[in-house]
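Working notes, beginning with the structure itself.
The values are calculated or read from the model by the stated rules, or taken from the named source; none is laboratory data. Source: prediction; values computed, not measured. Positions of Cβ are generated from backbone atoms using ideal geometry, with glycine treated the same way; all protein chains shown enter the neighbour counts. Side chains are part of the model used for accessible areas, which takes the heavy atoms of the whole protein and leaves out ligands, DNA and RNA. Shrake-Rupley method; radii C 1.70, N 1.55, O 1.52, S 1.80 Å.
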Amino acid sequence: MTGFLFLGGAGPVASSLDIATAALTQARARGIRSHLTNTEANLAATARVAALADAVSAVDPEDAAESARWVRERGERFDVVLGLRDTVVVAAAEAAAAVGAPGNPPDAVRLVRNKDECRAALAAAGFRQPAVRLCTSVAEAAAFTAGSAGPWVVKPRDAMASIGVRKVRSAAELPGAVRQLPDPGLFLVEEFVPGPEFSVEGVFLGGKPEVLAITAKETLPPPCFVEVGHVLPAELPAVTRREIERQVTAALTALGLRFGIFHVELWLTGDGVVLGEVHGRPGGDWLHLLLAHAIPGLELFGLVFDDVLGRGTGPVPAPSRAAAARFLAPPPGRLIEVHGWDAVTAHPGVLYAELTVAPGAVTGPVRQSTDRAGVVVAGADTPARARALAAELASSVEFVVDPAPSDQSTVDRRPVK
């Protein structure tokens with residue numbers, strides 16, 4: 001029987017749980033036996049996902065050496081090895097190499113996980129990239145910014161969910177931005193890239209990248225860059241879409257990636273495409289659900305399994321429908337009640353809806369993805385209709401708050417679906 005080693009399973013958030021559930025369900029539908037590894041704490045927090053696996057082991061999936069050692073010592077056959085979160089993709093690559101399963105080269109995965117090294121590699125390969133500097137102090141950052149007119153972006157070297165990402169317009173703003181970083185002793189400063197943001201969702205088939213769709217993104221205005229909306233597929237001229245696909249597939253090949261699922265971010269500027277961060281895993285923020293609705297019958301992980309098993313996938317159809325996500329952000333204060341949520345969840349166009357705050361929560365400004373208060377995902381026939389429906393439904397939710405100073409330690413993040 002074919003074996004599937006699933007490193008890291010899910011994190012304890014709804015979108016991650018849904019992604020992991022889809023991966024395990026699509027494996028089981030193909031008669032593939034699955035073995036899930038995660039930390040004891042995450043296994044307990046994601047028991048519903050763990051119950052879908054044929055076997056479960058408490059192994060730290062963020063420790064690449066431990067995962068590789070464990071899989072070698074176990075001696076079990078694994079034909080497929082996947083890790084679907086940023087923090088576990090290096091371990092997945094090491095584990096795949098340890099058992100001789102298809103996978104991305106560990107060095108290539110480490111390269112794309114370090115944003116500055118990935119930028120340098122892309123620039124060396126001829127792709128447009130913003131200038132970037134790895135800094136260990138405000139003084140180093142100030143020295144770097146002194147060489148250009150700005151603005152610039154301060155961000156962690158290795159993080160997610162827009163944590164610590166800030167736009168700065170002058171050297172005087174650098175100390176405040178650095179204080180917001182999870183690790184103020186090691187961070188990046190890079191040129192700010194103007195222009196709309198997009199991401200490319202795809203899968204490797206036969207070792208080659210296959211683009212499934214392009215997503216249009218909406219972010220909050222600076223200084224933060226938290227994503228508040230997605231539309232898939234993006235409404236783009238055919239020539240622009242083809243150029244994005246060409247650059248993304250060429251970049252993935254140049255970086256040495258060849259297996260699994262990818263999510264690549266980019267900007268469209270007056271001078272063309274500027275590639276952003278490269279990820280060897282599915283996009284977050286329910287992009288997998290948008291993709292599944294836009295391409296009816298698509299099984300994202302099933303494509304990977306069928307490719308490994310040599311069953312053939314055939315040509316993947318282009319999106320024939322559309323979907324959009326809109327994230328919620330109540331005004332700062334203590335949440336008293338929420339109006340209109342039942343009508344949102346009852347709407348026939350809603351694919352998924354979730355509130356992540358409950359009455360009594362104290363909410364503040366949205367500075368990172370975890371500060372958002374929920375999401376509405378809607379499907380429609382066209383991108384314009386999907387975008388309009390998601391926005392209309394999100395704006396129909398009324399958050400009644402008692403204005404008060406924000407105290408994030410008291411925020412109640414219990415999901416209310």
Of Pro156, Pro105, Pro237, the one that fluctuates the most in a GNM where the chain has Cα springs shorter than 10 Å: Pro237
Heavy atoms of Cys118: accessible area, 1.4 Å probe, square angstrom to 10: 10
Quotient of Cα Rg and 2.2 N^0.38 Å for region 342-395, N being how many residues it contains: 1.26
Extended-chain gain in nm, criterion 0.36 nm per residue less alpha-carbon gap, Ser57 and Ala120: 18.9 nm
Assigned charges on the beta-carbon of Lys, Arg, Asp, Glu; region 207-348 dipole about Cα centre (debye): 220
Cα shape, region 312-351, gyration tensor, a/c 1.5 rule: prolate
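Averaging over every viewing direction, what projected area does the convex hull of the Cα atoms of region 203-262 cover, in nm²?
Computed as one quarter of the Cα hull surface, the answer is 5.2 nm².
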Stretch gain in nm, segment Phe192-Ala318, where the contour uses 0.36 nm per residue and the Cα spacing is subtracted: 42.1 nm
Cα→Cβ-extended label distance, 7 Å offset, between Ala254 and Ala343, nm: 5.1
Exposure rank, largest accessible area first [Arg74, Arg113, Arg385; 1.4 Å]: Arg385, Arg74, Arg113
Cα gyration tensor, region 251-295 - rounded (a/c under 1.5), prolate or oblate: oblate
Cut-off under 5 Å, modelled amide H: who pairs with Ala329 long-range: Ala373
Prolate/oblate/rounded call for region 1-151, Cα gyration tensor, a/c under 1.5 rounded: prolate
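Where does region 159-286 land on Rg(C-alpha)/(2.2 N^0.38 Å)?
1.13
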The chain: antiparallel DSSP beta bridges as a percent of all, rounded to 5: 85
Surface accessible to a 1.4 Å probe, per residue, for the residues of region 280-384, Å²: 38
Relative contact order [Cα under 8 Å, 6+ residues apart], the chain, whole percent: 13
Gyration tensor (Cα) of region 132-232, equivalent ellipsoid semi-axes in angstrom: 29, 16, 13
Hz values of 3J(HN,Hα) by residue in region 294-311 - Karplus curve (6.51, -1.76, 1.60), Gly and Pro given as x: 5, 10, x, x, 5, 10, 4, 6, x, 4, 5, 4, 5, 5, 5, 7, x, 7
Distance in nm between pseudo-label sites at Glu243 and Arg169 (7 Å out along the Cβ direction from Cα): 3.0
Pair Glu235, Arg74: separation of 7 Å Cα→Cβ label points (nm): 4.8
Accessible-area value, Val273, 1.4 Å probe, nucleic acids and ligands omitted, Å²: 10
Helix-derived mean residue ellipticity, 222 nm - over the chain, DSSP H n ≥ 4, -39500 (n - 2.57), to 500: -9000 deg cm²/dmol
